[in-house]
Structures are given as C-alpha cells and as structure tokens.
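Note sheet for the following structure.
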Amino acid sequence: MSPELINLIIQATGESLYMVGIAALLGTVFGLPLGVFLATSRKGELFAAPLVNRVLGAIVNATRSTPFIILVVAIIPFTRLVAGTSIGSTAAIVPLTIASAPFIARLVEAAIREVDGGLIETASSFGASPIQIVLKVLIPEALPGLLLALTLAVVSLLGYSAMVGAVGGGGLGDLGIRYGYQRFMPEMMLAVVVVLIALVQIVQSAGDYLARRVNRRLRHR
Amino acid sequence: MKAASMNAHQSLAIGRPIETLAAISPAPAEPDAMVRFTGISKTYPAYRGKPGVNALQDIDFAIPRGSITGVIGRSGAGKSSLVRLINGLEKPTTGRVIVDGRAISALAGSQLRLAQRSIGMIFQHFNLLSSRTAADNIALPLEIAGWTKTDIKARVTELLALVGIADKHDRYPSELSGGQKQRVGIARALATRPSVLLSDEATSALDPQTTRAILDLLANINRELGVTIVLITHEMSVVRQLAKEVVVLDAGRVVESGHVADIFTHPKHPITQSFLAEVIGDSLPVSLASRIVSDRTAGGQAVIRVQVRGAGAGDTVVARLARELGLDVALLSARIDEIGGQHVGSLVLGIPGSEDAQARVLAWLSQHQFPAEHLGYVA
C-alpha cells in the first residue's frame, strides 16, 4: 500500500476518533443526567415526576427508534444552526451526539436501577438530600455499570460514525466506501475494517479493565 | 431556639391545623420520653391493583429516654412502618411523632434532614456502600452533614475503635464478615452523635454467636453513650437479651407494652404468649409426653406443671414441697429462663402417692401463688 493511502487511513482514523470522542463526551454530558433522572423520577422515587418521566421516556424512545442515517439527514438544518455547516467531521458530531445521548441515558438508567434501593433509604435516614444521594451513593455505586455502558456507547458510536460519510463527515467508514467500494480497492476496505476492529478491541478492553478496577463488590472472593 | 424554629416552621405550614406551642414542643410536659407517638395511624393507599393497607392504627405510646426498647411482632405487624415514622422516612396518615422534643412528623425538606442527623439507623442487610471502605462508609453521614476532612478523620478513627474494628479501616465491605459489616453500620449510625439509634432487624441476618456479640455492643453503646435504642425484631431472643422495655405489635396495633419483666411474666395477649413460648417452650419433652396417660396407674406419679414467674421464684419450689409436705417430689422436666431479670418458665413435677398427695400439692401451689395444672399420670 502506498504511503499516500496509509496517510489517508491515518487521517481518517483521526477523524473517526475526533467525532466519536467528542460525541461520546457530549452524549455523556447530556445522557448521564437524563439517565439518572429517568431512573429516579417514577412515582415514589427520589425526584418523583411521573409525567415528566413518561414524556422524556417517549422522546428517548422516539430518538432511538429513528434509523441513524435518517436522523443525520433529518436534522441537517439543526446541524447547520449548531455547527455552522452541515458538512465535515465537526458537523457530524451533532447527529452523533443526538443519537448517543438517549442511548447513553437508557444504559445509565439501567445501571442506576441496579443500585440496591436500601442504600437510598439508608442515605435518606441520615439526612442526605436527593442531590447528595445521586452524587455520593447512586453514581459511585453504579460506576462499574456506568463505565461498561459508556464503553458500549463508544463502540456503537464507532459504527454510527461510519455512516456520517454519507453527509461528508469523513472518517474510516467514509474512506472504506469511497476507496474500498467505489474505487474497488479491496486492500483499502480490509485496512479500514482491521483498524475499526482494533479500535473496538482497544475501547472494549480499556472499558472492561476500568470497570473491573472500580468494582469492589466481588474482589477477594 | 429549637422551639422558635419549630414554631416558625409551623406558621409556614399552610393548611395544617394550628397547633399550640405546647403541642408542638411537649418536651417540658414529658421530659422522660425520647419518642412519643400520639394518635398514629398509617395507611398505604391502593396502588397498581394492590389493595390499600392499614399498616398502623391507634398507636399511642412513649419510648423512655435512654432506654433500650424492643418492638416485637410477626412479619407484617407494622414494625418497619413504625420505626420509619421515628426518623421521618415515612409520614403518619394521622397523628404526631415527637422525637427528642421535635415533631418530626411535621418536618419536611432541609429541616427534616437536619433532624434526621440526630437519629441513627442500622439495617438487617447492613446497607453499606460497596464502593467505599469501612472508614469511608462511616464518613458518609459526616460528609453529608458538612464536617471538615480533619474532623471526619478523627471521628472515624474514634468510631472504628468504639465498635472494635480499628484494624478494618481500609477494608471494603466485600472483605468483611457479616458481624464486621454490622459494626461498620453501627459506627456509621453513631457518627453524627445521634440521641436515638434505630435497629431494623439488625441481627436477623447473623448467626447466633455474632448476634450475641452485636447485642452486647449495642448494650455497651446504650450504657456508655446514653443513646436511646429502639430494636425492631421478630426474634424473642433479641428482646430477652437486650431490651428493658417492650412493645408488642400485632396487625398494626400495640397489644401490650411496658417493662420486659412485667410483660413476659404475665403475658396477656396470645401473640405475647406465643413469643414467650419461643423462649421457654410450652411443650413437654417427647419422651415424657408419650408416657402421660389420663388414668392413674398403681405406683405411678401425677404429673403437674408449675408456672414460674418472677425473681428467684422457682428456686426452692421442689425443696419446699418435699420438706413441707413430706413428699418425694420428682423433677420430670424444667425450663426456666431469665427475661428482664425475672425468672420465667415452668417445672414439670411428678407427685408419687394417692389422690390426696396430689390434692395437697395443688393446694400448696395455689396458696403460694404458683399457677399449676394437672397434666395426667405416668407409670
């Protein structure tokens, strides 16, 4: 493979990491509080607001059931508003974030619900406020689950990022389609797939390692 | 100061009946009560197809300051609801709960949270944070109360020593035994120097030996720190070993309450009697029960069960019967235990000889106020 092509792969990898990294970060910034709220706002819970819970739940479901490629196209005006353009890696971060935030929220909700309800009661019994319960009990206790959720979200984002090539988002998926498929360069397609597999492996292993490190539940057993 | 803030709160509580200052702060009227329940009922409304539940009804009693009070009842009797009224985790449907002079049932939000710092609670399943070490678990209520790092560190060290696990400072709950976890739970509950410690079946998940050690620790804490302890339990052995006062709950109502010694030497309600039977047993040994017949046999013995209630009551019954009536009284079976410093139990005696001897024994027992019953005869 020529140095030019290798350079293309390196550049596309950088674009993919940039899009996925920022989208995962922003998705967490929006998805984490949303997930915590979804997990704690049913009737009788910490931030009980059953109606808001149902409305947000419906919005999350709607976003998650929209195919990503349609979401990308559908929100182009919004993307232009936020990013100033609808083309390029930076613009692609907008749909990636909008797709990942509800996904992360649902994963966060599941992880938070795993925390023993007795711990919430215990913290309440010594006068912890709802916010203190979230920050000092729920999130630390759910941390292993949250890290695995984030890992899953990053891996999914890598897959999604391959699709934003359709709107000029760049990245590995775009490279694979344009060179590997349209110019019929199987070695390019193979290289792109190998890099993606390697990235997923690295992300998953790192996530597993971190989750294991913070999990005190099963140590020394 | 306390009364003033309470009053201010009351005036803000729009829609509540106006209460007099005396009703809000009855501490001067009842200085000996740490917890006072007045006209309490608690109803859980029907929800998602489950019918509503009257968990508590007509609850009126006080828990004396500095006491160890056991609240005993079968599961579903309302014990958990009752204890959660004390620290405001639940609100009564009607009535008022006063803790240390404050109407906790009327508090909400940050005022409630402030009051909760003076009420510690320990749990059956310990409820420790798996992500925190023993020391950090104990530190949690102090962090929430806004203590400085230096103060927290000193207090945690002190508490770990108090509960006897100073060497477990950096251990995570998964590395601790059940008894050690509950010690962490106790230290955490005591961290903010509460005046009341609530124990919700705190020893139910522990083996008998560990239970004994934890109950001893609670007794020490009560003695040395003067903390009022409220024990919720379905185990008579816990009440017997630790409590001085007892409240017997059944189907959401208090059926008996008072000094442990009084209640269990003269149990009135069937539930109380059944709890007592768990400790002293009202059944005869199988080998004896199988031999008892209803008709007298030649050379046989009459079998009489004597109830023993009170300090030292049973000690000399057999000897006095033998001496005063000149009979070779046989001791067939005996079970006497100590509850609240009082002897409680029964002796099963074999009386040799005629109907006449049997009648004299029963008369003597009745004269000396020992409840007795004739069970039959053995050969």
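Check B:ASP337, B:ASP315 and return the single one that is farther than 19 Å from B:GLU278 by Cβ and surrounded by fewer than 18 Cβ atoms within 10 Å (Cβ to Cβ).
Details: B:ASP337 fails: farther than 19 Å from B:GLU278 by Cβ.
Just a single option satisfies the conditions, and that option is B:ASP315.
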Report, by residue number, each residue of segment B:285-307 that is surrounded by 15 or more Cβ atoms within 10 Å (Cβ to Cβ) and in contact with a Ser or Thr (Cβ under 6 Å, 6 or more places away or on another chain). B:LEU288, B:ARG305, B:GLN307
Residue check, A:THR40 against (1) more than 15 Å from A:LEU138 (Cβ to Cβ); (2) in contact (Cβ under 8 Å) with a residue 12 or more places away in the chain, all met but one. Which one? (1)
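If you go through segment B:18-49 one residue at a time, how many are modelled with pLDDT of 80 or more and either part of a strand (DSSP E or B) or under 30 Å from the mean Cα position of the chain (by Cα) (or both)?
Start the filter on segment B:18-49 by keeping residues that are modelled with pLDDT of 80 or more, which leaves B:32-46.
Now restrict to residues that are either part of a strand (DSSP E or B) or under 30 Å from the mean Cα position of the chain (by Cα) (or both): B:32-45.
Qualifying residue count, segment B:18-49: 14.
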Please go through segment B:102-121 and pick out each residue that is more than 9 Å from every other protein chain (Cβ to nearest Cβ) and buried (at least 20 other Cβ atoms within 10 Å of the Cβ). B:ARG102, B:ALA103, B:ILE104, B:SER105, B:ALA106, B:LEU107
Please work out if B:ALA145 is more than 8 Å from every other protein chain (Cβ to nearest Cβ), surrounded by fewer than 22 Cβ atoms within 10 Å (Cβ to Cβ) and of a type in the set (A, V, I, L, M, F, W, C). no
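Among what's in segment B:122-139 and is under 28 Å from the mean Cα position of the chain (by Cα) and over 18 Å from B:SER195 (Cα atoms), pick the residue that is nearest to the other protein chains (Cβ to nearest Cβ). Write out each step before concluding.
Within segment B:122-139, the subset under 28 Å from the mean Cα position of the chain (by Cα) is B:122-129, B:134, B:137-138.
If we keep only those that are over 18 Å from B:SER195 (Cα atoms) as well, we get B:124-129, B:134, B:137.
Details: B:GLN124: 9, B:HIS125: 6, B:PHE126: 9, B:ASN127: 4, B:LEU128: 8, B:LEU129: 6, B:ALA134: 12, B:ASN137: 10 Å.
Filtering first and then ranking leaves B:ASN127.
Out of the residues in segment B:188-203 that are of a type in the set (Ser, Thr, Tyr), within 14 Å of another protein chain (Cβ to nearest Cβ) and in contact with a helix residue (DSSP H, G or I) (Cβ under 9 Å, 6 or more places away or on another chain), which is nearest to B:ILE138 (Cα to Cα)?
Restricting attention to segment B:188-203, the residues satisfying the condition of being of a type in the set (Ser, Thr, Tyr) are B:192, B:195, B:199, B:203.
When the remaining residues are screened for being within 14 Å of another protein chain (Cβ to nearest Cβ), the result is B:192, B:195, B:199.
Still in the running and in contact with a helix residue (DSSP H, G or I) (Cβ under 9 Å, 6 or more places away or on another chain): B:192, B:199.
Numbers: B:THR192: 10, B:SER199: 16 Å.
Taking the candidates together, the pick is B:THR192.
Residue under question is B:VAL163, and the condition is that it be within 28 Å of the chain's Cα centre (by Cα), away from every other protein chain (no Cβ under 13 Å) and among the aliphatic types (A, V, I, L, M); does it hold? Give the derivation first.
Numbers: within 28 Å of the chain's Cα centre (by Cα): yes; away from every other protein chain (no Cβ under 13 Å): yes; among the aliphatic types (A, V, I, L, M): yes.
Here the answer is yes, as B:VAL163 does meet what is asked.
Can you name every one of the helices (runs of 4 or more DSSP H) wholly within segment B:266-353 that holds 2 or more residues which are under 29 Å from the mean Cα position of the chain (by Cα)?
Working: elements: B:270-280, B:286-289, B:317-325.
Result: B:270-280.
So in segment B:83-95, with the set limited to residues that are in contact with a strand residue (DSSP E or B) (Cβ under 6 Å, 6 or more places away or on another chain) and surrounded by 20 or more Cβ atoms within 10 Å (Cβ to Cβ), which one is nearest to the other protein chains (Cβ to nearest Cβ)? Write out each step before concluding.
We begin by selecting, within segment B:83-95, every residue in contact with a strand residue (DSSP E or B) (Cβ under 6 Å, 6 or more places away or on another chain); these are B:83, B:85-87, B:92-95.
Subset that is surrounded by 20 or more Cβ atoms within 10 Å (Cβ to Cβ): B:83, B:85-87, B:92.
Numbers: B:VAL83: 10, B:LEU85: 12, B:ILE86: 10, B:ASN87: 5, B:PRO92: 17 Å.
Of everything passing the filter in segment B:83-95, B:ASN87 is nearest to the other protein chains (Cβ to nearest Cβ).
Taking B:SER174 as the residue in question, decide whether it is within 13 Å of chain A (Cβ to nearest Cβ), of a type in the set (Ser, Thr, Tyr) and buried (at least 23 other Cβ atoms within 10 Å of the Cβ). Lay out the reasoning, then the answer.
Values: within 13 Å of chain A (Cβ to nearest Cβ): yes; of a type in the set (Ser, Thr, Tyr): yes; buried (at least 23 other Cβ atoms within 10 Å of the Cβ): no.
Spelling it out, it is not the case that B:SER174 is within 13 Å of chain A (Cβ to nearest Cβ), of a type in the set (Ser, Thr, Tyr) and buried (at least 23 other Cβ atoms within 10 Å of the Cβ).
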Complete set of residues in segment A:107-124 that are within 12 Å of another protein chain (Cβ to nearest Cβ) and among the charged types (D, E, K, R): A:GLU114, A:ASP116, A:GLU121
Checking A:THR85 against (1) surrounded by fewer than 21 Cβ atoms within 10 Å (Cβ to Cβ); (2) assigned to a helix (DSSP H, G or I); (3) more than 14 Å from chain B (Cβ to nearest Cβ), which single condition isn't satisfied? (2)
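Need at least 2 residues that are farther than 15 Å from B:LEU249 by Cβ and in contact (Cβ under 8 Å) with a residue 12 or more places away in the chain per element, so show me which strands (runs of 3 or more DSSP E) inside segment B:68-142 make the cut, counting only ones lying wholly within it. Explain how you work it out, then say what you get.
Values: elements: B:68-72, B:94-99, B:119-123.
Ranges flagged: B:94-99, B:119-123.
The values are calculated or read from the model by the stated rules, or taken from the named source; none is laboratory data. Computed from a prediction, not measured in an experiment: that's the story for all the values here. Positions of Cβ are generated from backbone atoms using ideal geometry, with glycine treated the same way; all protein chains shown enter the neighbour counts.
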